[in-house]
Every structure is written in structure tokens, then in C-alpha cells.
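The values are calculated or read from the model by the stated rules, or taken from the named source; none is laboratory data. These figures come from a predicted structure and were not determined experimentally. All Cβ positions, even for glycine, are placed from backbone atoms using ideal geometry, and neighbour counts span all protein chains on display.
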Amino acid sequence: MQWRRREEVIGKEVVDSEAKKLGVTKDFAWSSDGRLALVIEAGEEEESFLSFDDIEKIGDVVFVKAKSALVVAPSVICPVCKNKNLVEAKFCAKCGRVLENRDEKKERKRPA
Ligand SMILES: [Zn+2]
């Protein structure tokens, strides 16, 4: 077994078994049942979680067993500072602005 430091994992490209780039590792996350995952940034507004169980190998890049292992993490973008927040978040984690829940927004747009 070999331990790895954060900086050896974060910022690396994530590729699938066909060497297709899926994103870049951004952070760690852990589940309610204590499992570790990587947060993968796949685009401007898209983040995914990748469980450590689904990592084939970590080398110069992170190899994933299957692309389907990535679970899209929904997020809410702060209108002020553009910080990505959890969908359940009531306030922006960075600037503290009140965030509108997407579902509430939809309801408001709906004509009475
Ligand atoms: Zn903000």
C-alpha cells in the first residue's frame, strides 16, 4: 500500500479506459457512509464525484475503471462571485449571498 498526498492527486487529468479525458481532479469529498471520492471538474458548471473504488490507477493521470463511475454533482452558481455551491445551500459559501433554490425559481416562473 502506498499513501499519497493531496498535491499528488489534485489537479490531475482524469481519463477513462479509452484514454478519453473526463475532467480534472479538483478536491476530495466523502460520503455519508465514510467513503472517499474525488471531485472532478468537467467544465465551467459541471462537477462530478468519483468514488475511490472506481479508480483504476493514479499515475501521471487518474485512470477510471468506467466513465459511468462518475456521478454528476449538481451545483448552484452564486450570481455575485460565481462560486459553486451545493444545491441544498441556502447561502453562498464564499460571499454569503442568499442563494435561490432552483426549484423555487421554477415555481415562481410558472404563470398563476
Ligand atoms: Zn458568492
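Looking at Val87, Val62, Val80 in this structure, which one is among the β-branched types (Val, Ile, Thr) and at pLDDT below 85?
Criteria check complete, one pass: Val87.
Only one of Ile58, Ile40 is β-branched (Val, Ile, Thr), away from the ligand (no atom under 16 Å from the Cβ), assigned by TED's automatic domain parsing to the domain that holds Leu22 and touching a strand residue (DSSP E or B) at 6+ places or on another chain (Cβ under 7 Å); which?
From the options Ile58, Ile40, the qualifying one is Ile40.
Identify all residues within segment 90-112 that are at pLDDT below 85 and either away from the ligand (no atom under 16 Å from the Cβ) or among the charged types (D, E, K, R) (or both); write none if there are none.
Quick first cut of segment 90-112, residues at pLDDT below 85 only: 100-112.
Residues satisfying the conditions are Glu100, Arg102, Asp103, Glu104, Lys105, Lys106, Glu107, Arg108, Lys109, Arg110, Pro111, Ala112.
Does Gly23 satisfy being among the small types (Gly, Ala, Ser) and either out of contact with any strand residue (DSSP E or B) (no Cβ under 7 Å at 6 or more places or on another chain) or not assigned by TED's automatic domain parsing to the domain that holds Glu8 (or both)?
no
Among Ser68, Ser51, which is the only one that is of a type in the set (S, T, N, Q), under 30 Å from Trp3 (Cβ atoms), at pLDDT below 85 and more than 16 Å from the ligand (Cβ to nearest atom)?
Criteria check complete, one pass: Ser68.
I'm checking my understanding of the structure. Among residues of segment 62-91 that are surrounded by 12 or more Cβ atoms within 10 Å (Cβ to Cβ) and among the charged types (D, E, K, R), which one is nearest to the chain's Cα centre (by Cα)?
Lys84
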